[in-house]
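Chemist: I am attaching a structure below and will ask some questions about it afterwards.
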Amino acid sequence: MEKSEGKRSMWLVFAVLSAVFAALTSILAKVGIDNVNSNLAVLVMAWVMVFATGAQAGLGQITQRSLVFLVLSGLATGASWLCYYRAIQLGSVSKVLPIDKMSVVITL
């Protein structure tokens, strides 16, 4: 397999890993959110990811146009997480997750 061929197929590896981590997120969040404010849980998770990946270093490279869309995306992501965490706090993950995954259909 050529080097460029391997790079092109890496999206599939990351897509599968994304699905695995998303599944783990649901399971771990359900256990971890017990007796915790769901809004606080989302905030802590977001900042942990920023600093764990070193993403704070790239703040100066963002253009104004990109910043607008990233802020809008961040607001949508935050709203999604807030609703998701509240839903799994109140209900069963096995019922919430299929509804949450309707986002795939909405995106298409």
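The values are calculated or read from the model by the stated rules, or taken from the named source; none is laboratory data. Just so we're clear, the structure is a prediction, and the values are computed from it rather than from any experiment. Positions of Cβ are backbone-derived with ideal geometry, glycine not excepted, and every protein chain shown enters the neighbour counts. Ligands, DNA and RNA are excluded from the accessible area calculation, which covers all protein heavy atoms including side chains. Shrake-Rupley method; radii C 1.70, N 1.55, O 1.52, S 1.80 Å.
Chemist: Under a Cβ-Cβ cut-off of 14 Å, what is the net charge of the residues other than residue 88 that fall near it, where Lys and Arg count +1 and Asp and Glu count -1? Can you show the working numbers first?
Modeler: Numbers: positive: 30, 86, 95, 101; negative: 34, 100.
Cβ neighbours under 14 Å give a net charge of +2.
Chemist: Another question about this same structure. Where only protein heavy atoms count, and the probe is 1.4 Å, what is the accessible area per residue for the chain in Å²? The partial results should precede the final answer.
Modeler: Numbers: 8600 Å² over 108 residues.
That works out to 80 Å² for each residue.
Chemist: At 1.4 Å probe size, with the rest of the protein present, what percent of the exposed accessible area of the chain is carbon and sulfur atoms? All intermediate terms of the calculation are to be shown ahead of the outcome.
Modeler: On the way: 6100 of 8600 Å².
Carbon and sulfur atoms account for 71 percent of the accessible area of the chain.
Chemist: Order these peptides, 84-90, 45-51, by their mean beta-carbon neighbour count within 10 angstrom, highest first. Spell out each step's value before the answer.
Modeler: On the way: 84-90: 18.0, 45-51: 11.4.
Most protected by this proxy first, the peptides run 84-90, 45-51.
Chemist: With springs only between Cα atoms under 10 Å apart, run a GNM on the chain and tell me which of 76, 22, 52 wobbles the most.
Modeler: 52
Chemist: By accessible area of protein heavy atoms, probe 1.4 Å, what ranking do 17, 108, 28 get, highest first? Working shown, then result.
Modeler: Working: 17 75, 108 170, 28 115 Å².
From most accessible down to least: 108, 28, 17.
Chemist: Placing unit charges on C-beta atoms (Lys and Arg positive, Asp and Glu negative, everything else neutral), compute the dipole magnitude of the chain about its Cα centre in debye, rounded to 20. List each step's numbers first, then the result.
Modeler: Values: 8 positive and 4 negative charges, 25 e Å.
For the chain, the charge dipole is close to 120 debye.
Chemist: Further question: Probe 1.4 Å, all protein chains in place: accessible area of residue 25 in Å², nearest 10?
Modeler: Its accessible surface works out to 50 Å², give or take rounding.
Chemist: Given a Förster radius of 41 Å and the C-beta distance between residue 10 and residue 37 as r, what FRET efficiency does 1/(1 + (r/R0)^6) yield to the nearest 0.05? Walk me through the numbers on the way to the answer.
Modeler: Values: r = 38 Å, r/R0 = 0.92.
Calculated transfer efficiency: 0.60.
Chemist: Turning to a different aspect of this structure: Calculate the radius of gyration of the Cα atoms of segment 13-91 to one decimal place, then report Dmax, the largest Cα-Cα distance, as a whole number, both in Å.
Modeler: For segment 13-91, the Cα radius of gyration and maximum Cα-Cα distance read 14.4, 41 Å.
Chemist: Ok, one more. Tell me, what is the percent relative contact order of the chain, built from C-alpha pairs under 8 Å that lie six or more residues apart?
Modeler: Numbers: 27 pairs, mean separation 42.7, N = 108.
Here the relative contact order equals 40 percent.
Chemist: Angle, helix 3-32 long axis vs. longest principal axis of the chain, Cα atoms, 0 to 90°, nearest 10?
Modeler: 10 degrees
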